[in-house]
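The values are calculated or read from the model by the stated rules, or taken from the named source; none is laboratory data. Bear in mind the structure is a predicted one, so any value in this text is a computation, not a measurement. So basically every Cβ, Gly included, is an ideal-geometry build from the backbone, and we count neighbours across all protein chains shown.
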Amino acid sequence: MKKFGELSRKEQEALVVACYVDKKDVEKLSGSYWYYIRNPAFDPDDIYRVKPEPASINWAHVDERFVKLEWALDTWWLADSSEVGFRRVADIFSSFKPGDKSITVYRPGHDGAVG
């Protein structure tokens, strides 16, 4: 990861455009955590990124037994609610869009509770 001041002019401009023109959320790295910055100063000594989008899928076309979309074993999976349940590869659905691998996405109405 590069500090803002180490980015090329084109990379800096892309980040600023994403923030102010495309209205994307921008995050700043502090320690090992990313924090949302409402009005980033784009300090040359700080590291910024556009907040990653979560993965998504049109749940209307997915069997109701599957309640979450998760990243595991270098693949996006649709999974049921059990700890050791069944899974299906998610990218077979045309509505699937990969996103931030650190976020598990739940079917609407499911809170992520195991059971």
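When we screen 34, 59 for residues that are in contact (Cβ under 8 Å) with a residue 12 or more places away in the chain, surrounded by 13 or more Cβ atoms within 10 Å (Cβ to Cβ) and under 16 Å from the mean Cα position of the chain (by Cα), the only hit is 34.
Every condition in (1) in contact (Cβ under 8 Å) with a residue 40 or more places away in the chain; (2) in a loop (DSSP other than H, G, I, E, B) holds for residue 43 except the one numbered (1). For region 30-40, filtering for residues that are outside any strand (DSSP E or B) and farther than 18 Å from residue 12 by Cα leaves 2.
Residue selection: residue 13 fails the criterion of being acidic (Asp, Glu), over 16 Å from residue 106 (Cβ atoms) and part of a strand (DSSP E or B).
Within region 55-104, the residues that satisfy the criterion of being among the acidic types (Asp, Glu), modelled with pLDDT of 90 or more and under 27 Å from residue 34 (Cβ atoms) are 70, 74, 91. When residue 111 is tested against the conditions (1) exposed (fewer than 10 other Cβ atoms within 10 Å of the Cβ); (2) at pLDDT 90 or above, the lone failure is (2).
When you go through (1) closer than 28 Å to residue 1 by Cα; (2) in a loop (DSSP other than H, G, I, E, B) one by one for residue 27, which number turns out not to apply? With (1) closer than 28 Å to residue 1 by Cα; (2) in a loop (DSSP other than H, G, I, E, B) applied to residue 27, the lone miss is (2).
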